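**Student:** Below is the structure I would like to discuss, written out as structure tokens.
Every number in this text was worked out from the coordinates using simple rules, so none of it is lab data. Remember, it's a predicted structure, so these values are computed and weren't measured experimentally. Note: ideal-geometry Cβ built from the backbone for every residue, glycine included; neighbour counts use all protein chains shown.
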Amino acid sequence: MASISHLSSRATPLHSSPFLPPPPPTTAVLLRFPSKTAPLAASLLQNGSHVKRTTLHDLYEKQGQSPWYDNLCRPVTDLIPLIESGVRGVTSNPTIFQKAISTSTAYNDQFMELVQGGKDIESAYWELVVKDIQDACRLFEPIYDETDGGDGYVSVEVSPWLADDTQGTVDAAKWLHKVVDRPNVHIKIPATTTCVPSIKEVISFGISVNVTVS
């Protein structure tokens, strides 16, 4: 997976139309771990209350590279030991959420409540996603604050069904930015020919955009 990031400076959330159908780092390094915390276990002190310096800290401080974790699921607090060990952001996509929701019981109660309340499947899906993104943003917000908006982002992707819809992608990005309502949310948009104008327009609104080319 490749990404190109544009980080805006503390953009004010836009109130737009609803959704229609340390030096700053220079790049984001996406990390895929086979389990949630095992690869970083060696970095924890024996009492578990402090974290030793890891190569991820050095990667950021010495090389200007920002390590991001390429996964998100509940409980979102599983990100805490990763953050302590040097992870500085999270990226997600519909495939990650599909796997998280379908293989975990952690979403069942909220999903049933939403469906019983009259939400259709797609609306319920987005409410599940928005909650996870908001919770993750709160965990990374101290990093965002420490770097004055240069790091500590959480990425959420617009619907892949909009990859050939320029205006629909713009509306979706504005809607996600508004409903997540966190300063460090990063809106991911696919770099299709149709969506290149969408990317330019969304950035012009001061919204941080993660351009995915995978």
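**Student:** State which residue is nearest to Gly206 (Cα to Cα) when the search covers only region 157-179 and only residues that are crowded, with 23+ Cβ neighbours inside 10 Å and of a type in the set (Val, Ile, Thr).
**Tutor:** Filtering region 157-179 for residues that are crowded, with 23+ Cβ neighbours inside 10 Å and of a type in the set (Val, Ile, Thr), the one nearest to Gly206 (Cα to Cα) comes out as Val170.
**Student:** Still on this structure, please answer the following. So which pairs qualify, if the first residue must be in region 154-171 and hydrophobic (A, V, I, L, M, F, W, C), the second must be surrounded by fewer than 21 Cβ atoms within 10 Å (Cβ to Cβ) and assigned to a helix (DSSP H, G or I), the Cβ gap must be under 6 Å, and the two must be at least 6 apart or on different chains?
**Tutor:** Leu162/Gly168; Val170/Glu201
**Student:** Considering only region 154-202, state which residues are more than 20 Å from Gln134 (Cβ to Cβ), of a type in the set (D, E, K, R) and in contact with a helix residue (DSSP H, G or I) (Cβ under 6 Å, 6 or more places away or on another chain).
**Tutor:** Scanning region 154-202 gives a single hit, Glu201.
**Student:** If you go through region 170-190, how many residues are within 17 Å of Ser92 (Cα to Cα) and touching a Leu at 6+ places or on another chain (Cβ under 7 Å)?
**Tutor:** Result for region 170-190: 3.
**Student:** Which residue, of Ile143, Ile133, Ile189, is under 19 Å from Trp68 (Cβ atoms) and not in a helix (DSSP H, G or I)?
**Tutor:** Ile189
**Student:** Considering only region 67-80, state which residues are in contact with a helix residue (DSSP H, G or I) (Cβ under 6 Å, 6 or more places away or on another chain) and closer than 15 Å to Ile143 by Cα.
**Tutor:** Answer for region 67-80, where residues must be in contact with a helix residue (DSSP H, G or I) (Cβ under 6 Å, 6 or more places away or on another chain) and closer than 15 Å to Ile143 by Cα: Pro67, Tyr69, Leu79.
**Student:** Just one of the numbered conditions (1) closer than 24 Å to Gly152 by Cα; (2) surrounded by 19 or more Cβ atoms within 10 Å (Cβ to Cβ); (3) among the aliphatic types (A, V, I, L, M) is not true of Ala124; which one?
**Tutor:** Failing condition for Ala124: (1).
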